[in-house]
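Computed from the coordinates by the stated procedures, all read-outs in this text should not be read as laboratory data. Model, not experiment: these values are computed from the prediction. We place every Cβ from the backbone using ideal geometry, glycine too, and count neighbours over all the protein chains shown.
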Amino acid sequence: MLDVRLRLIALASLTLAAYVSTTGALLACAWWLVLSHRRRDLPSLRMVIYLGVMVVLAAIATSLSGGDGLSYLARIGAVLLVASYAFSHRQDGELLDLGVWVLGRRIGFDLGLTAELALQAVEVAGDDLARIRLAVAQKGPASRLRRWVEVGTALLFAHLRRSQEIALVLALRGYSGGGAYCPRFSHGRWDSPAALGAICILLLAIVEPRDIFILLQ
Amino acid sequence: MKVVLDRVRVRRGTFELCADACLDEGLHLVSGRVGSGKSTFALLLGGGLVPDAGRIDLFGVARRLLVQQFAEFHITGRTVVDEAVSWGLQPHGVLARVGLEGRGEADPFRLSRGEQKRLVIECALASASDLLMLDEPFASCDLREKHRIGRALTDRPGLTVVMTHDTRYLPAPDWSWTIEGGTLRSASKSGES
């Protein structure tokens, strides 16, 4: 989905549907199967395995404690699939477009810019982390806890310094709050049907299918 | 001592780097335009990236050190003295060589980027390593420091690989390489062309 507005509507609808009922969660998974690029829309295999194991363990724990583990698995699984879809379809600058479109050139611009910078930081954090781990490992063996503290500290400072530099650049360019910006949105062929499908799934989750049949009778 | 890259391929996003080379003992210069893949090559040699295809064999290399372009990635000490000690070094000599005497108790994260770079490069140069890789060592350094690094690399034993597009301060390399179009191209031994 190219249009961030419709993607956000779809994301909110499907997340809510998965939260409301197991049917909604299963339909959200079906929506993902139909509209996603499957493997391409998922994070790295390592991350998928890590998240998968965490969710399965939590589902088992829920079942053992008397809860509905399968329902939990379906709901969290659906939320993760939809979230990874929304994230993988993200394009640079779209949150700024969205912020200005929704809230205007003052607060919308500021919030959109903040969101853009935050997501860019998340994207480079993985690369930074790998570089810092390599740099720290070169210094020789140390306890795992100590290494994690060192890596975490270096990552934090690297990002603080980068933020400071970005802030300086923005200030030098005259930014003090808000900005003139004309949001633009791309629109894919399947954007509207996909968003409409997501809204339908939410409605089906709220009103269970059997209730619809009862109403029809 | 040598490093053999046997039909190595590594992909990062849409960029792919290919390398098929043998690096012998001596000073190697790897040049290329900004964004050509020098840092990717440095990470590959340093063990920070696993090849998607091919293999890298290290012969006679017991310890390898990669100094990355951004020195803050290397810092783990709470003070400048701690930082030098974390590399297994006596701090006083290191601090004197990089002009940080009297600032031993300073927080290394509060040093300027140039000071951090000086400190980290000096620590790497003073540490024993068979394979030393320097990614853009002259970035953020003043003229004096650039000349100092250049002098330190002259006659350094072992295998040294310097990734830079700024060759003015580098001693004459034994081998030159360039990365063009995502491929490490064999260049010439010094004096040949």
*Mind ranking A:86-92, B:116-122 by how tightly packed they are, going by the mean number of other C-beta atoms within 10 angstrom, highest first?*
B:116-122, A:86-92
*Per residue, how much space in cubic angstrom lies within the convex hull of the C-alpha atoms of chain A?*
167
*Collect residues whose amide H, placed 1.01 Å from N in the peptide plane, falls under 5 Å from the amide H of B:Leu65; neighbours closer than 5 in sequence don't count.*
B:Leu131, B:Leu132, B:Met133
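Pairs of Cα atoms under 8 Å, at least six residues apart: use those to get the relative contact order of chain A, whole percent.
Here the relative contact order equals 38 percent.
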_From phi via Karplus (6.51, -1.76, 1.60), per-residue ³J(HN,Hα) for segment A:112-120 in Hz, x at Gly/Pro_ = x, 5, 4, 5, 4, 5, 5, 5, 4
*B:Arg55-A:Arg146 pseudo-label distance in nm [points 7 Å out on the Cα-to-Cβ vector]*: 3.4
*Between segment B:87-116 and segment B:1-62, what is the C-alpha centre distance in whole Å?*
31
*Please arrange A:Arg106, B:Arg12 by counting, for each residue, the other beta carbons lying within 10 Å of its beta carbon, fewest first.*
A:Arg106, B:Arg12
*Contour excess over end-to-end distance, with Cα ends at B:Thr79 and B:Thr183 and 0.36 nm allotted per residue*: 33.3 nm
_Two-site label geometry, A:Ala137 and A:Ala118: point separation in nm, points 7 Å out along Cα→Cβ_ = 3.2
*Between segment B:151-182 and segment A:138-170, what's the alpha-carbon centroid distance in Å?*
28
*Within segment B:16-46: backbone nitrogen closer than 20 Å to the B:Asp166 label point (7 Å, Cα to C-beta)*: B:28-43
*Kindly state, as a whole number, the per residue volume in cubic angstrom of the convex hull around the alpha carbon atoms of segment A:1-113.*
116
*Cut-off 12 Å between beta-carbons: net charge of the residues surrounding B:Gly13, Lys and Arg +1, Asp and Glu -1*: -1
*Quick one: Debye curve from the alpha-carbon atoms of segment B:116-191 only, equal weights, vacuum; give me log10 I(q)/I(0) at q = 0.15, 0.20, 0.24 Å⁻¹ to two decimals.*
-0.53, -0.93, -1.26
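Starting from the exponent 0.38 and prefactor 2.2 Å, build the expected Rg for segment A:122-217 from its residue count and divide its actual Cα Rg by it.
2.02
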_segment A:94-172, relative contact order [Cα under 8 Å, separation at least 6], %_ = 20
*Give, as a single signed number, the net charge of other residues whose beta carbon lies under 14 Å from the beta carbon of A:Ala25, with Lys and Arg counted +1 and Asp and Glu -1.*
-1
*Share of alpha-carbon pairs per 5 Å distance bin for segment A:94-172, given as whole %*: 3, 14, 17, 17, 14, 11, 9, 6, 5, 2, 1
*Between B:Ala124, B:Ala172, B:Ala96, find the one with the highest GNM mean-square fluctuation for chain B; connect C-alpha pairs within less than 10 Å.*
B:Ala96
_Pair A:Arg105, A:Ala125: separation of 7 Å Cα→Cβ label points (nm)_ = 3.3
*For the protein assembly as shown, diffusion coefficient by Stokes-Einstein and Kirkwood Rh (Cα), 25 °C, 0.890 mPa s, µm²/s*: 98
*Whole-Hz couplings from phi, Karplus 6.51/-1.76/1.60, listed for segment B:9-26; x for Gly and Pro*: 9, 9, 10, 10, x, 8, 8, 10, 10, 10, 8, 9, 7, 10, 9, 8, 4, x
*Arrange the peptides A:11-20, B:136-145 so that the one whose residues have, on average, the most other Cβ atoms within 10 Å appears first.*
A:11-20, B:136-145
